[in-house]
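Quick notes on the structure that follows.
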Amino acid sequence: MTDNWFDRLKDIGRHIGQTAYIAGLKGEVLEITSTGKARMRMPYGPDLVGDPDTGVVHGGVITGMLDHTCGMSVTGALRTPMPIATLDLRIDYMKPAVPGQDIFAEAECVKVGHDVAFVRGLAHQDSREEPIALCTGAFMLIRGGYQMPPAAE
Amino acid sequence: MELLARAIAEGRDPDPDALIAAIPYCRYLGVRAAVKDGAVSLIMPFAAHLVGNPMLPALHGGVIGSLLETAAIVQVVWETRAPKMPKPVDITVDYLRTGKPVETYARARIARQGRRVVNVHAELWQEDETKPIAALRGHFLIQS
């Protein structure tokens, strides 16, 4: 535990069980920690299918989950809240996801710089020792925040 | 896939829009396809469920990656007349600009075709074709 209110919110597990929307698909946030780790779960469903012959999910679902989880890990590692934006993501597909089974994604923020944060992550089903995909990525930290439109009079 | 097998048997290119319509996740994203200038061109109209950051609002990075990967796969199937969906081996996505809540376009080209693996480059843009919002480089396995 820390004295930082932003970290405390993460450490009491406020995020656990919240819905992680990947293009409107409902995943579940399993963990975001102030040490920069994040995990989520996506249940299998008919809208996820990318190959109608086999029922294997579209690679974009894995990309979406990894992008989202990597982003959550950066948010976890930050000491103050600020917007972030994906700069790049490299994904290696180790093996196809088994149709009908939940998919899990987890990520770790390995470095928070002044402008850029670096992450790595993986997606798996039964065991994290046998990942279906590995990824590395970089996120921009938008320290000044977004320019919000002026409030209406 | 049956529609691919039928196109091969009839000695013609598969219809990219029928292919897209046969992929549930692409239907879910609302993607459509057409052939333009000898390449497949994808269109994804804006929809509320595609937003990742409601504060902006901006398209979800996963949606951007999905559209790029779809463009790559459809171009490979269309150009190589593959009977099955290609398997992604690896992809790198560069996010160049914020995806605005407007219609998004995608196209891909095969940079190198080997016997088993193809290297594909894909690009997304919105209002201005010369200002891509994201780019992909990836390898895909052709399954016979």
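Each reported figure results from applying straightforward, stated rules to the coordinates on display, with no laboratory input. Not measured: the values here are computed from a predicted model. As a convention, Cβ positions derive from the backbone with ideal geometry for all residues, glycine included, and neighbour counts pool all protein chains shown.
At a glance:
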{"item": "Computed [θ] at 222 nm, deg cm²/dmol, chain B (DSSP H ≥ 4; -39,500 (n - 2.57); rounded to nearest 500)", "result": "-8000 deg cm²/dmol"}
{"item": "Cα-based equivalent ellipsoid, segment B:69-144: semi-axes from gyration tensor eigenvalues, Å", "result": "25, 12, 9"}
{"item": "Shielding by other protein chains, A:51-57, mean Cβ within 10 Å", "result": "5"}
{"item": "DSSP-loop chymotrypsin sites (Phe, Trp or Tyr not before Pro) across segment B:1-81, with at most 12 other Cβ within 10 angstrom", "result": "none"}
{"item": "Loop-located GluC sites (Glu not before Pro) in segment A:61-133 whose Cβ has at most 10 other Cβ within 10 Å (DSSP)", "result": "A:GLU129"}
{"item": "Footprinting exposure proxy for B:TYR105, B:TYR95 (fewest neighbouring C-beta atoms within 10 Å first)", "result": "B:TYR105, B:TYR95"}
{"item": "Where Cα atoms sit under 23 Å apart: lysine pairs in segment A:5-141 separated by 8 or more or lying on different chains", "result": "5"}
{"item": "Shielding by partners - mean other protein chain Cβ count within 10 Å, residues of A:133-143", "result": "2"}
{"item": "For segment A:119-126, Karplus couplings with θ = phi - 60° (6.51, -1.76, 1.60), whole Hz, Gly/Pro x", "result": "9, 9, x, 8, 10, 8, 10, 6"}
{"item": "Chain A, relative contact order [Cα under 8 Å, separation at least 6], %", "result": "21"}
{"item": "Helical mean residue ellipticity (222 nm; -39500 (n - 2.57) per DSSP H run of 4+; nearest 500) of chain A", "result": "-5500 deg cm²/dmol"}
{"item": "Cβ-Cβ FRET estimate between B:LYS131 and A:GLN18, R0 fixed at 45 Å, reported to 0.05", "result": "0.85"}
{"item": "Gyration tensor over alpha-carbon atoms, segment A:10-120, equivalent ellipsoid semi-axes in Å", "result": "26, 16, 11"}
{"item": "Projected label distance in nm at B:THR80 and B:ILE43, using a 7 Å step from Cα toward the beta-carbon", "result": "2.9"}
{"item": "Per-peptide average of other Cβ atoms within 10 Å, ordering A:62-71, B:135-144 highest first", "result": "A:62-71, B:135-144"}
{"item": "As computed over the protein assembly as shown, the Cα convex hull volume per residue (Å³)", "result": "141"}
{"item": "Contour excess over end-to-end distance, with Cα ends at A:THR35 and A:THR80 and 0.36 nm allotted per residue", "result": "14.9 nm"}
{"item": "Computed Rg/Rh of segment B:88-127, alpha carbon atoms with Kirkwood Rh", "result": "1.07"}
{"item": "Mean shadow area of chain B over all directions, Cα convex hull, nm²", "result": "8.1"}
{"item": "A:ALA97 long-range amide H proximity, modeled H, under 5 Å", "result": "A:VAL57"}
{"item": "At 0.692 mPa s and 37 °C, Stokes diffusion of segment A:43-102 via Kirkwood alpha-carbon radius, µm² per second", "result": "247"}
{"item": "Sites matching GluC sites (Glu not before Pro) across segment B:105-140 that sit in DSSP coil, with at most 16 neighbouring C-beta atoms within 10 Å", "result": "B:GLU127, B:GLU129"}
